[in-house]
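Heads up, the thing below is written out as C-alpha cells.
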Amino acid sequence: MKRAFVLLLIGASLCAIMAGPAFAAGSGSGTGDRRWLDGPVPGSYSWPVVGPVIRGFEPPDGPYGAGHRGIDIAAPFGTPVRAAQDGVVSFAGWVGGSLYVSIDHPDGVRTTYSWLSAVAVKKGQTVAIGEVIAASGHGHPDVPTPHLHFGARIGSTYIDPMILLGGADVAGLIHLAPLEGGS
C-alpha cells in the first residue's frame, strides 16, 4: 500500500511538472472562452545549472520548521549559474558567510541560488533567462558533492522548483517498486 502511494505521488508530481498552465473560465461573454490564471507556468523556467538533482524539495511543516526549501543540483565548483527566468535581482551578497542571489520574476516567483563561489550581478539589475548571474560553490557544508541549491517561493510560501523547470530528463526521478506477489 505504501509503495502504491509513493508511485501515485510520483505520478501526480510528474503530471504537475509536465502539465501546461491552469485555465480559468472567462468571466466575460459566457461563451466559454478561457484565460490563463495569473502565476507561474509549469515548465517555463530553465535549469540554472546542468546536473542531477541530488536532494529534492522537502516542504517545511511551518514557517520555521525543518525541511529543504529547494533542490540541490550537482555541479562542479565554479560552474556558471544562469538565471532561470527573466527578472530583477532582489538580493546579491553574503548571508551567514555564504553567497546568495535572489531574483524576482514577473509571475510572482522569487528564485534563490545558494552556496555560490562568486556573484556576477547586483541588486536592482535586470537579468534575462540564461544570463550568467553567479558561479556555483561547494553547496551545503555537510554534503561532499559540490552543488547549487535552487529554491523558489511565491510570497512567503516555498514551492517545489521542479514544477517550474522544463526540459528535464525525468528518468532519474522514477523508481519502480516491485509488485506485491509478482516478480
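The values are calculated or read from the model by the stated rules, or taken from the named source; none is laboratory data. On a predicted model such as this, the values are computed, not experimentally measured, just so you know. Cβ: placed from backbone, ideal geometry, glycine included. Neighbour counts: every protein chain shown.
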Filter the stretch 76-125 for residues that are part of a loop (DSSP other than H, G, I, E, B) and of a type in the set (S, T, N, Q); which is farthest from HIS149 (Cα to Cα)? GLN125
Looking at ALA128, ALA118, ALA134, which is the one that is at pLDDT 95 or above, crowded, with 18+ Cβ neighbours inside 10 Å, out of contact with any Ser or Thr (no Cβ under 6 Å at 6 or more places or on another chain) and not hydroxyl-bearing (Ser, Thr, Tyr)? ALA134
Small (Gly, Ala, Ser) and either surrounded by 19 or more Cβ atoms within 10 Å (Cβ to Cβ) or at pLDDT 90 or above (or both): does that describe ALA177? no
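Yes or no, residue by residue, for (1) modelled with pLDDT under 80; (2) surrounded by 10 or more Cβ atoms within 10 Å (Cβ to Cβ):
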site: ALA16; (1), (2): yes, yes
site: SER29; (1), (2): yes, no
site: PRO40; (1), (2): no, yes
site: GLY43; (1), (2): no, yes
site: SER46; (1), (2): no, yes
site: PRO52; (1), (2): no, yes
site: TYR64; (1), (2): no, no
site: PHE91; (1), (2): no, yes
Go through the stretch 77-114 and report how many residues are among the aromatic types (Phe, Trp, Tyr) and free of Cβ contacts under 8 Å to residues at least 12 places away in the same chain. 1
State yes or no: is TYR100 within 18 Å of GLY70 (Cα to Cα) and at pLDDT 95 or above? yes
Considering only residues that are within 17 Å of GLY96 (Cβ to Cβ) and assigned to a loop (DSSP other than H, G, I, E, B), look in the stretch 137-167 and name the one that is modelled with the highest pLDDT. GLY137
Does GLY70 satisfy the condition of being modelled with pLDDT under 95, surrounded by 13 or more Cβ atoms within 10 Å (Cβ to Cβ) and small (Gly, Ala, Ser)? yes
